[in-house]
Amino acid sequence: FGSLEAAEGLVADGYAMLARFGLTIPDASPQDHAALIAPQLFAHTDTADSLPAPLSQTLPLVAAMENAFEALGGRLLTRRSVIQITPVSPGAAAGRGRWVAHSRDANGAMGEIFAGNVVLAVGKAAMPWVVQCVQELGVDHEPAVTVDLGVRLETRRQDMAWMTRSCHYPKLTFLSARGEAVRTFCVCDGGRLMQYDFAGAVVLDGQHCIEDPTERTNFGILTTVKAPPGLDAANYGLDIAKQVNARAGGGPMVQTVGDFLRERPTRSLDGAEVRSSLLRPVLGGLHDVLPASLAQDIKDMIDRLNRMSPGAVQDHALLAAPVVERAFPQITLRPDMQSSRDGLYFIGDCSGKIIGITYGMATGLRAAHSIVAVGALAPA
């Protein structure tokens, strides 16, 4: 965006807009984050405020925004997939814009939507489709050079209360001996694990259970890994994820922290103090499927957390893999989120620049401001 101030302004504008549509934003209250600050252990600690927003709050908010959009003459086409985006042919009638989105509805009927501008705002699961788009349209980009890989740690909620008491979503980061950033990610206090398909692999994430919390807390331990020379980092990360899946019968693998630290596979959780929130956890040994450097990063994170708060990560805690983040290609974007093809914007996760809802909101506003400023070039 050109400056930190510009980014902060867009975030503030986004939350002000959400407030106008009914989101309750409490006044920030001073918090003592001393328990999370240990410069000798973590090079960076992010204790920025976050706003837990369960579905009971967000669904009415989304409905209010949809109603306002339609009242202004907008049309929402739900249950419709965009299959391909192509330039408008040179011989098309004037006023049809620059782009056509080829779509398919729930019944399989095809359609075309002409537009002066197209904003791609898809999430991680659509990464292969985004790669196809940028290749077919000749959008300037480079393959991903880094990818975030790791595991999710799941343990008793009480064991991690020191981490979440003063900050809903703390991020603790250190640099490995290789100079790669290792950090906690997506802390789900009282949450559970979720799995989903991603580009041919089954990967994990955390689910917040704000209104119906569990007795567990889980969070990611991720390393920003540099891919070996000549390899696309996304493919490198997905290959590792598929190796884990192959050893775990097609899904994720779970191991106790005690077994992981002693480099022995987990055979049973019978009588275990913590049971995985995954429905059908497959047990095994993560050392057999993760790169040695990544396994060492996980050990180092566990050690640092226990030095910060003795007993935080005990042998009964569980590790689950694979986790893959930030796998989108590096798309060349202007400060307004517009690609090398005029009128084609990439925002949120698929921009390849950031991940997260707040930052997706900020990039969306920047693209919207750009379209309004230059004129929508709306089709006739």
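Probing with 1.4 Å while keeping every protein chain in the model, the per residue accessible area of the range 269-380 equals 43 Å². Relative intensity of the chain on a log10 scale, I(q)/I(0) at q = 0.08, 0.12 Å⁻¹, equals -0.47, -1.04, per a Debye sum over C-alpha point scatterers of equal strength in the absence of solvent.
Counted by Cβ distance under 14 Å from ALA121, the other residues give a net charge of +2, where Lys and Arg count +1 and Asp and Glu count -1. Under a Gaussian network description of the chain, with springs only between Cα atoms under 10 Å, the residue in ALA12, ALA317, ALA367 that fluctuates furthest is ALA12. Once you reduce the range 18-46 and the range 213-266 to the center of their Cα atoms, the two points are 28 Å from each other. Rounded, prolate or oblate: which fits the range 49-183 when a ≥ b ≥ c are the square roots of the eigenvalues of the alpha-carbon gyration tensor, with rounded for a/c under 1.5 and prolate only if a/b beats b/c? Oblate, since a/c reaches 1.5 and b/c is not below a/b.
Other residues lying with their Cβ under 13 Å from the Cβ of LEU41 contribute a combined charge of +1, Lys and Arg counting +1, Asp and Glu -1.
Considering the range 126-205 at the alpha-carbon level, its Rg and Dmax are found to be 17.2, 51 Å. Among beta bridges identified by DSSP and lying wholly in the chain, the antiparallel ones come to about 90 percent.
Surface composition of the range 38-193: carbon and sulfur make up 54 percent of the accessible area, probe 1.4 Å. Find out how many positive minus negative residues lie around ASP212, taking Lys and Arg as positive, Asp and Glu as negative, among other residues whose Cβ is under 15 Å from that of ASP212. Every neighbour counted, the sum reads 0.
When the surface is traced with a 1.4 Å probe over the full set of protein chains, ILE25 keeps roughly 80 Å² accessible.
With helices as the sole contributors, the chain gives -8500 deg cm²/dmol at 222 nm; each DSSP H run of n ≥ 4 counts as -39500 (n - 2.57), and the sum is divided by every residue. Whole-Hz Karplus values for the range 75-85 come out as 10, 9, 10, 8, 6, 9, 9, 8, 8, 7, 10 Hz, taken residue by residue from phi with 6.51 cos²θ - 1.76 cosθ + 1.60 and θ = phi - 60°; glycine and proline positions read x. About its Cα centre, the chain has a charge dipole of approximately 500 debye under the convention of +1 per Lys or Arg Cβ and -1 per Asp or Glu Cβ, with nothing else charged.
Rounded to the nearest 20, the size of the Cβ-charge dipole of the range 1-104 about its Cα centre is 1020 debye, with Lys and Arg at +1 and Asp and Glu at -1. Eigen-decomposition of the gyration tensor built on the alpha-carbon atoms of the range 197-327 gives equivalent ellipsoid semi-axes of 23, 18, 16 angstrom, largest listed first.
With protein chains left intact and a 1.4 Å probe, residues in the range 107-199 average 41 Å² of accessible area per residue. Probe radius 1.4 Å, ligands and nucleic acids ignored: give me the carbon and sulfur share of the accessible area of the range 267-348 as a rounded percent. C and S fraction of accessible area: 44 percent. The charge dipole of the range 243-380, taken about the Cα centre with unit charges on the Cβ atoms of Lys, Arg (+1) and Asp, Glu (-1), comes to about 160 debye, rounded to the nearest 20. With the cut-off at 19 Å, tell me which of the pairs LYS226/LYS353; LYS124/LYS353; LYS124/LYS242; LYS171/LYS226 have Cα atoms farther apart than that. Those over the limit are LYS171/LYS226. Taking every protein chain into account, the 1.4 Å probe leaves LYS124 with about 20 Å² of accessible area, to the nearest ten.
The values are calculated or read from the model by the stated rules, or taken from the named source; none is laboratory data. Small disclaimer: the values here were computed from a predicted structure and weren't measured. FYI the Cβ positions are ideal-geometry reconstructions off the backbone, even for glycines, and counts take in every protein chain you see. Just the protein is used for accessible areas: all its heavy atoms, side chains included, with ligands, DNA and RNA removed. Shrake-Rupley method; radii C 1.70, N 1.55, O 1.52, S 1.80 Å.
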